[in-house]
Amino acid sequence: MAVQSDVIDDAGPYDRAKALSAFKLGDVTFYWITRLSAISVLLILGGIIMSLVVGAFPAIKEYGLPFLWTQRWAPSADPPVLGALGPIYGTLVTSFIAMLIAIPVGLGIAIFLTELCPQWLRRPIGMAVELLAGIPSIIYGMWGFFVLGPFLANTFQPFMIRVFDGVPVLGAIFAGPPSYLSLFNAALILAIMVLPFITSISVDVFKTVPPVLKEAAYGVGCTTWEVVRSVVIPYTRVGIIGGVMLALGRALGETMAVTFIIGNSFRISSSIFAPGTTISAAIASEFAESDGLHQSGLILLGLLLFVLTFFVLAAARLMLLRLETKAGK
């Protein structure tokens with residue numbers, strides 16, 4: 001379509017300047033929106049930390065560092081006696097057992113889905129794993145309380161107690177009596193809950209392995225196990241560790257499912273079949289009825305959980321950086 005050149009010449013400079021001004025305004029607006037969004041994350045995180053510190057300050061002032069290694073938890077005593085050793089112990093033990101179960105099972109599922117599973121079966125298993133991640137934690141807790149707990153107490157726990165009875169160390173770890181509510185039951189529920197995180201991330205990173213590397217390994221006569229051990233896992237170890245640490249962060253902070261099935265006992269026992277508690281379970285079960293120093297002690301437990309999770313994620317990040325640096329060399 002023909003347009004008169006004199007019209008373009010007359011309108012050109014004005015329209016060009018106006019358009020450039022509009023583009024500049026849009027860029028500046030976009031820049032500040034994104035910048036404020038990033039800053040808001042820091043402000044929210046700082047606000048959470050300050051709230052925890054302020055709320056926990058009375059307990060910090062009253063108990064100091066001995067709060068970390070005191071086992072007794074007696075908020076009704078006069079004065080209250082509060083110690084975090086029991087919840088810290090329960091949190092670490094349940095998370096450790098959960099990861100001990102979930103890591104090999106999750107990696108095994110991921111290897112099966114990417115290397116061995118028939119094509120027609122991959123989608124149903126993948127969807128089932130994703131559905132596990134979508135189940136509310138309270139449903140896991142109810143299932144653990146009414147189904148898994150009685151099953152373990154009536155079958156698995158008596159068997160393990162008989163097998164390791166009299167064995168040094170292991171006999172104390174698997175000591176009786178059987179219980180519906182125990183550290184092991186809570187750890188098993190946690191393992192099921194974090195399994196989708198490990199499996200999904202591992203499947204995604206396994207798919208990034210260049211096919212030529214696996215084909216070369218198969219070409220020189222490697223078995224599937226040798227290909228996975230020597231090619232797939234070394235190539236994707238950074239992503240695997242990231243998925244494991246994400247799952248560990250979820251296990252450390254899980255609340256409702258653990259509260260249902262752990263027993264909420266502040267007493268420390270060498271047996272994993274004994275009742276216990278975690279930091280998050282202790283807060284959830286007592287915070288609504290707490291006040292004064294008792295409430296401050298629970299907030300201090302929350303602060304300890306925050307610090308513990310931060311150090312775990314920081315250690316994971318440092319490990320990933322070292323692996324990336326080593327791979328770059």
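The values are calculated or read from the model by the stated rules, or taken from the named source; none is laboratory data. Quantities reported herein were computed from a predicted structural model and do not represent experimental measurements. Cβ sites come from the backbone with ideal geometry, for glycine too, and all protein chains shown count toward neighbours. Heads up: the accessible areas ignore ligands, DNA and RNA and are worked out on the full protein's heavy atoms, side chains in. Shrake-Rupley method; radii C 1.70, N 1.55, O 1.52, S 1.80 Å.
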Answer residue from the range 291-329, given it is within 16 Å of Ser51 (Cβ to Cβ) and more than 20 Å from the chain's Cα centre (by Cα) and is surrounded by the most Cβ atoms within 10 Å (Cβ to Cβ) among those | Gly297
Count of the range 150-178 residues which are buried (at least 20 other Cβ atoms within 10 Å of the Cβ), in contact with a helix residue (DSSP H, G or I) (Cβ under 7 Å, 6 or more places away or on another chain) and within 21 Å of Ala257 (Cβ to Cβ) = 1
Among all residue pairs at least 6 apart or on different chains, which show Cβ distances below 9 Å where the first residue, located in the range 34-49, is within 13 Å of Phe306 (Cα to Cα) and the second is open to solvent by less than 90 Å² (accessible area, probe 1.4 Å) and assigned to a helix (DSSP H, G or I)?
-> Ile48/Phe306; Ile49/Leu303; Ile49/Phe306
Being surrounded by fewer than 16 Cβ atoms within 10 Å (Cβ to Cβ) and of a type in the set (Phe, Trp, Tyr) is the filter; apply it to the range 218-249 and report the residue that is modelled with the lowest pLDDT.
-> Tyr218
Evaluation of Ser265 against (1) touching a helix residue (DSSP H, G or I) at 6+ places or on another chain (Cβ under 6 Å); (2) within 19 Å of Ile88 (Cβ to Cβ); (3) in contact (Cβ under 8 Å) with a residue 24 or more places away in the chain (one fails), failing number = (1)
Per-region count, the range 41-59, residues open to solvent by 70 Å² or more (accessible area, probe 1.4 Å) and over 17 Å from Phe287 (Cα atoms) = 7
Between residues in the range 289-306 that are part of a loop (DSSP other than H, G, I, E, B) and at pLDDT below 95 and residues that are surrounded by fewer than 21 Cβ atoms within 10 Å (Cβ to Cβ) and not acidic (Asp, Glu), which pairs lie under 9 Å by C-beta distance while being six or more apart or on different chains?
-> Ser290/Pro75
